[in-house]
Structures are given as structure tokens and as C-alpha cells.
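Just below is one structure, and these are the notes that go with it.
Laboratory data are not the source of any read-out in this text; all were calculated from the coordinates shown. Predicted, not measured: the structure shown is a model, and the values here were computed from it. Virtual Cβ from ideal backbone geometry, glycine too; neighbours counted across all protein chains shown.
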Amino acid sequence: MTKSSPKIGIYGFTGCAGDQLMILNCEDQLVDLFGAVEIRSFVMAKSDNHEGEMDVAFVEGSISTEAQLEHLKDIRKRAKVLVAIGTCACWGGPQAMKLDDGKYDERYKSVYGNAKITVSKAFEAQPVDAFVPVELKIPGCPIDKGEFLRSVSKVVAGRHPYLYPFPVCNECKWKENECILTAGKFCAGPLTKAGCGAICPSHNLPCVGCWGPTDDLNVGAEYNLLKEKGYNPEEILQKIRKFGGAGVVKLVKDLEKPKEAKK
Amino acid sequence: MKTLNIRALARVEGDGGITVTLDGKKVKSVTLDVHEGPRLIESLVKGMKPEDDLNVVPRICAICTLSHKYAAIRGLEKALGITAPEKALITRDLMMLGENVESNSLHTYMLALPDFLGYPSAIAMLNDYGDDVKRALRLKKFGNHVMALTSGRIVHGENPILGGFGKYPGKKELAEIAVRARELVPDAVRAVELFGSLEYPVYPEVETVFMSVNAPKKKFGLAGDSILISDGKEVDCEDYKKLTSERVVPHSFAKRSMYKDRTFAVGANARMINMGKRLDGQAKDLYKEHYSDRWLRNPLLNNLAQAIEMVWALEHIPEVAEQVASMDDPKTAEPTRADGAGTGAVEAPRGILYHHYEIKDGLIDKADIITPTAQNLDDIEAHMKVCAERMMADGKKDDEVLFALEMIARAYDPCISCATHLVELKRL
């Protein structure tokens, strides 16, 4: 580490800490990583943290309390570049699967009852870019080691890592897996960004969509295809929303509209 | 009235802090504050198919992801009348052993050890303790590898499913991990020597109750259908509510657990206290060498218990892997009913994890998840309070007291994301 080493911070909000854990899981590169950049703040890994200006902030997790929102804004002010890591930070994660359905208060009450709130006010989880500008999203639940390390080396050098713009189906084809969707089973592949290496279909299991929505999403086509295959429309939407969060909320609402109009 | 505060507890999973409230020299209260945001996971899975629940609930926590997966599978299989084939059960044992090595090596070396040796992080220890840090990374990498081989990837693998696995691990890979596990036993033994040589302050010592699962066949293990209590009782895991008697504290949103109005602890030390006599191999010798009645009082010894457990896990991985390799791939077992209820209890690295499900017409009607850290919260606070009182009486400086309290909280290996998957806590 030299004086000119890029300064970075690693932060976690509402989620499972899996993306920070994946950084710690880079066992073979961890020592080099700590040497190549100056890690100013990484509360999960160390206790000597310095909260000042930094070149890049990596932020995991969705935002679901007022206190978190204040902290996020503070990080944004201090960071030249802010990178959202993981599906929660990028799209809201599973806790945002019912985003904007108007029933958050009901769910909140079902868990907390009428208990009086003494701490920071909580709200429905949303992705980081719902509140502050984000330069780059590295999705994944959790992020992939290789994709993260490649991205770090590009981002700290001021370059764009250019993640895959296509769905995970491409990776699945490269592995020569049989198509699960063609076989008539629900698979979220066509809606899901590539990057994991098509792990689930390679284990004879459908993609669950944990990388979040791919670029140029066509939710309608998947919805209609699955309906033709006899799936219950409600179940299709539920499965699409499971990891889609803020990335599919509007698209799903558009699909629901004609159904509501019929009523 | 004065308060001492640590806002962001470092080297733990999740966002927590500690607040000590003092009235002159008297300690009014010590609290573990949890700032982690709420996610309402249990309310979100209501109405889902069981298979979809299995994608969501492991996301409560990355470090115990497979424990969540397995506890949910056990609960759901009971509810749906699924009898998983033998090979699936043994492969699940293997995945739990992998998670145990991964999590215990991460916690002992990278999260807890720097305090004892006076460093801010494991990476900062590289110059002086390079061999130990590298040893930790080797163990962790291997644990991760076993998790990936069985579950599909390092974190949040989807390969374990109801009734079996999407794809069973290959013979060649299983043979490789058997060899590698044997090679790594000395690394884990060194961890026991290291943690056995540390000074454990007596300040936090106070008797408590310990709970763990009762692993079948009188063996040491990480899953079981009944719960052992250190007072000699045994309770069916379906009665988990009697054991955890969750209650809402008026001044906090965290549901708390007490047993007969006493705090209790879960984790590696509880497993050693309740099942330690069942250990075999080197783990047995190391347990005999290091175990004492101090384990019943001092939560810091959980670190040593985790190190001994790593030896046990590594010694058992070869035979379990070889067993998996020797069996033909069975068909995935199917549900025999669409309505029912069931509770799964497994030992996450940080203690008992319960998943209870009620299924109606094939959909989840109710999910109840009780995490180890939620069970430990009261016990952590009880030990912290005793420790703070004694240190204050001895005239210790505020900083020293806070540091000692941090070490106690950390020793429980708390998973704050887990503890607060549905709750948020802040004391006034």
C-alpha cells in the first residue's frame, strides 16, 4: 500500500451481509486486495475504520430505515464513485418483492403489532439508487468473486467493468444445459442478468432470478409463455417478483392492469 | 446518568452496537443495540409454495445460509410428509460440516482473535502472525469448497431441495475433499492450541443454561429432532416455543428468549457442554484436555469450543464424503400431503436455529423462524452487565470496559442480520 493507493470503503445496509462475506471469501486474493487498495472502512472485517473522503464506496444492502438513509447520503458525499454491490443494493432484494403493493404497513403491523417505534423509522426496503446516484451496479445474491475482483480492478483505475448485458440463458447455453423452460418448468433465466455461470440449471434446477433483472427485460413474453404452459398467473408474478424488486415493479403492475380491468 | 456507547460493533455480521448506562459508578444497564433494518421475511413468504420459501429464507443470513436452508427443509419435509432418501440425509450432513468449518474459522481467527492479540483485523496480524492468518484462510476456503460442492455455490446455493438434491456431488470431488480434510486437521489442531493458550478474563463469568440439539445415535452432530438442556431435560423440537418463550420487551422491537425466567446460551460451547462426551478422535482428546467447569460460566470460551469443533468436523468429513460417494443417486422424494405443520431444528455455527411451518393447500400459511442470536441476546446482555459491574468496581477505565464488552458480544459469534430478520431493536 502506497500513499497513492485508491481509498475505498465497504458498507452494509439491510440484507444478509453476503456480499461483504464474498469479499472475505476471496481467500486467495484477500491479502493482495488489502495491499493494493487502502481500505478506509470495512466494519465487518476490521475495527480501525476512518470515515473520510474516498475514491470508491461499495455499498451492500437495501435501505429500510431513516438512519440508514442519512448514513447512505453521508457516504455518497464522501465518495467519488459509489458502487452498489449485490441484488439488495441494486434492486431491493427479496425484502422488496412486494414493493409498492400498498400493503407494507399491514405486513409491518403483522410483525410488530402496535408497538411504539423508539428508533429510526422503518420503511419498505428500496435499492440504493432510489435515494442517491449510483455509478455502477454489480448484482448477484451474493455477488460473484470473479466478477467483483475484475470490477474492483477496473473501477479503482477509473474504468468501466462492463458486466454482461444479456440474460443468464447465454451462460446456460455455453454450458450446453437442456432448457428448463422448454421442458415446461418455470425458470427465471430469460429475465435474469448473467454473471453467476448458470449454476442452478447446471444442477438440474430452475433459475430463481437472484441476479436480478437483466438489461432489456421482456417480462411480458415470459409471463405469456408461462401462462401458455399452464402456470397460474399469480404464481408467475410472485416468482418474477421474488428477486426482481424495484427492477420489475412497474412491469409487473402493467401486466396486472388488464386483469384488474376485467373485474 | 451517563452512557458509554459503541455505535458500530466491528467484526460481527450485521449492524449492532453496545450501550452502557451508568448512574455514577453503578451500572444501570448494558444493551446490545441492533440497528439493522427490518425485512419482514416471515410475512413475505406467506402464500408462497414451499420451494419458493426455500429460495428466500436462506437469504436471511449469508454466513448461516445452509443452516437456514436445512432447518427450513426439515420443517417443510415434516409438514408435507416427505421422507428424504438416505443419500440426501448424509449429503446434508456433509454440507453442514462444510458450513461449520467455514464459519468457525472465519469467526475464531478473523473476527475474534484480533482482540486477544491486540490488532484491528486479521489482515493487520499478517506481519506477526502470517502463518496463522494463512491457516485460517486455508480452513475457510476448504469449508467454502465443501459448501459449494454440496449446495451449488459458496453462499446461497440452491442445490439442496425438498426430498433431496438437484444434483449429487461427484465421486472424484468427494474423494478430493476427503483427502483435503485429512490434510487440514493439523491446521485446526493448531487453532485449538492457539485458543487454548489465550488468557480468558474472569470478569464476565456467571452460570447460565445451555441448549443444543440432541444429535441422533448418541453422536455429536448438527441436527436433531429434540433439544438437550444443560439442566438434564430433553424437549421435542416441536415444543420449541416452550423453550424459547419469545416475549416482546416494551422498550424494544426485538423478541427475546428466556427459559424458566433464566437467560440461556446456544452455540459451540453449548454443543460441547451437552454433547462433548460423544466426541471421538483427536477432537475427543482436545476436549478432555481443555474442557473445565469454567465453560459453564465464561462465554469467551465459545471461541475455543469452535476451534475444537473444527477438528471434529474435519475428522468427520472424509467418512461422510466416502459414504455419499458409495451410494447411488436416489430419486427426489415427493410430498405425501398438502396440509400439515412441522418444525426443523439444526445447529447453525452460532447455535440452534428453528424453522416452523404451517402449510395449507400446498402453500405456506405461517412461518416462524427463531435464530440463535435472538436466543442469545438476553444472555449476552447478562454477561456484559456482570462484566461491566465488576470492572467498574475495580476502577477500570471506560475504554477498557467497552473493549471487554465488545469481546463478549463477539464471542457469541452474533449474526445480527439473523437476529433482526424481522425485528429492530433500540433501547432508550
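Using the Karplus equation 6.51 cos²θ - 1.76 cosθ + 1.60 (θ = phi - 60°), what ³J(HN,Hα) coupling, rounded to whole Hz, does each residue of the range B:342-353 give in order, writing x for Gly and Pro?
x, 10, x, 10, 10, 9, 5, x, 9, x, 5, 10
Would you list, by chain and number, the lysines whose Cα falls below 21 Å from the Cα of A:Lys173, excluding same-chain residues fewer than 8 positions away?
Counting by Cα, and skipping residues close in sequence, A:Lys173 has these lysines nearby: A:Lys185, A:Lys193, B:Lys167.
May I ask you to evaluate 6.51 cos²θ - 1.76 cosθ + 1.60, the Karplus curve with θ = phi - 60°, for each residue of the range B:331-340 and list the ³J(HN,Hα) values in order in whole Hz, giving x for glycine and proline?
3J(HN,Hα) across the range B:331-340, in whole Hz: 6, 5, 6, 9, x, 9, 8, 10, 10, x.
Which residues make up the longest stretch of chain A clear of GluC sites (Glu not before Pro) that lie in a DSSP loop with no more than 15 other Cβ atoms within 10 Å, not counting the sites?
The segment A:179-263 is the longest one with no such site.
Relative contact order, percent, of chain B when contacts are C-alpha pairs under 8 Å separated by at least 6 residues?
28
Go through B:Lys134/B:Lys219; A:Lys80/A:Lys137; B:Lys49/B:Lys172; B:Lys2/B:Lys385 and tell me which ones have a Cα-Cα distance over 24 Å in this structure.
In this structure, B:Lys134/B:Lys219; B:Lys49/B:Lys172 exceed 24 Å between Cα atoms.
Quick one: pull the percentage of alpha-carbon pairs in the range A:168-262 with a separation above 23 Å.
Pairs farther apart than 23 Å: 20 percent.
Given C-alpha coordinates of the range A:112-215, what is the ratio Rg to Rh with the Kirkwood estimate of Rh?
Radius of gyration relative to Kirkwood radius: 1.11.
Highest GNM mean-square fluctuation, chain A, Cα pairs closer than 10 Å: which of A:Lys229, A:Lys46, A:Lys73?
Highest fluctuation of the listed residues: A:Lys46.
Counting helices only, and only those DSSP H runs with n ≥ 4, report the 222 nm mean residue ellipticity of chain B as the sum of -39,500 (n - 2.57) divided by its residues, in deg cm²/dmol to the nearest 500.
Calculated mean residue ellipticity at 222 nm is -14500 deg cm²/dmol.
Relative contact order of chain A: what whole-number percent is it, with Cα pairs under 8 angstrom and at least 6 residues apart?
With pairs under 8 Å counted, the relative contact order is 18 percent.
Kyte-Doolittle mean at least 0.0 and Cα extent at least 24 Å along the axis: which DSSP H helices of chain B qualify?
Helices passing the filter in chain B: B:171-196, B:302-326.
With r as the distance between the Cβ atoms of B:Asp225 and B:Lys360 and R0 = 22 Å, compute the FRET efficiency 1/(1 + (r/R0)^6) and round to 0.05.
For B:Lys360 and B:Asp225, the calculated efficiency is 0.40.
For B:Lys277, give me every one of the aspartates and glutamates with a C-alpha distance below 18 angstrom, ignoring sequence neighbours fewer than eight places off in its own chain.
Straight-distance partners of B:Lys277: B:Asp231, B:Glu234, B:Asp285, B:Glu289, B:Asp293, B:Glu309, B:Glu315, B:Glu347.
Can you give the translational diffusion coefficient of chain B in µm²/s, computed by Stokes-Einstein from the Kirkwood radius over Cα pairs at 10 °C and 1.306 mPa s?
73
List the relative contact order of the range A:168-262 as a percent without decimals, with contacts defined as Cα pairs under 8 Å and 6+ residues apart.
25
Compute the distance from the alpha-carbon center of the range B:163-227 to that of the range A:67-106, in whole Å.
36
Determine, for B:Ile63, A:Ile143, the number of other Cβ atoms within 10 Å of each Cβ, and report the residues in order from fewest to most.
Starting with the residue having the fewest Cβ neighbours, the order is B:Ile63, A:Ile143.
May I ask you to order B:283-289, B:36-42 by the average number of other C-beta atoms within 10 Å around their residues, highest value first?
B:36-42, B:283-289
Gaussian network model of chain A, Cα springs within a sub-10 Å range: biggest mean-square fluctuation belongs to which of A:Ile85, A:Ile199, A:Ile240?
Of the options given, A:Ile199 has the highest mean-square fluctuation.
Which value in nm describes the separation of the simple spin-label points at B:Asp261 and B:Glu193, placed 7 Å from the Cα toward the beta carbon?
4.9
What is the distance, in nm, between label points placed 7 Å from the Cα along the Cα-to-Cβ direction at A:Lys250 and at A:Val31?
Between A:Lys250 and A:Val31, the label points sit 4.9 nm apart.
The range A:200-246: percent of C-alpha pairs farther apart than 15 Å?
Tail of the P(r) past 15 Å holds 50 percent of the pairs.
For the pair A:Glu51/A:Phe131, report the inter-label distance in nm, with labels modelled 7 Å from Cα in the Cβ direction.
That separation, rounded to one decimal, is 1.3 nm.
Looking only at B:Asp365, B:Asp131, B:Asp187, which one moves most when chain B is put into a Gaussian network model with springs between Cα atoms under 10 Å?
So, out of B:Asp365, B:Asp131, B:Asp187, the one fluctuating most is B:Asp131.
By a straight-distance test (C-alpha under 20 Å), which aspartates and glutamates pair with A:Lys175 as possible cross-link partners, with residues fewer than eight away in the same chain excluded?
A:Asp144, A:Glu147, B:Glu158, B:Glu173
Once R0 is set to 35 Å, what does the formula 1/(1 + (r/R0)^6) return for the Cβ-Cβ distance between B:Asp339 and A:Ala221, expressed as a FRET efficiency to the nearest 0.05?
For B:Asp339 and A:Ala221, the calculated efficiency is 0.50.
Mind checking the mean number of beta-carbon atoms from other chains within 10 Å of the Cβ atoms in A:23-31?
5
Hey, with R₀ at 51 Å, roughly what FRET efficiency would B:Ser29 and A:Asp74 work out to, going by the Cβ-Cβ distance, to 0.05?
0.95
What full-extension length gain, to one decimal in nm, is calculated for B:Lys2 and B:Thr83 as 0.36 nm per residue of separation minus the Cα-Cα distance?
Here the answer is 23.4 nm.
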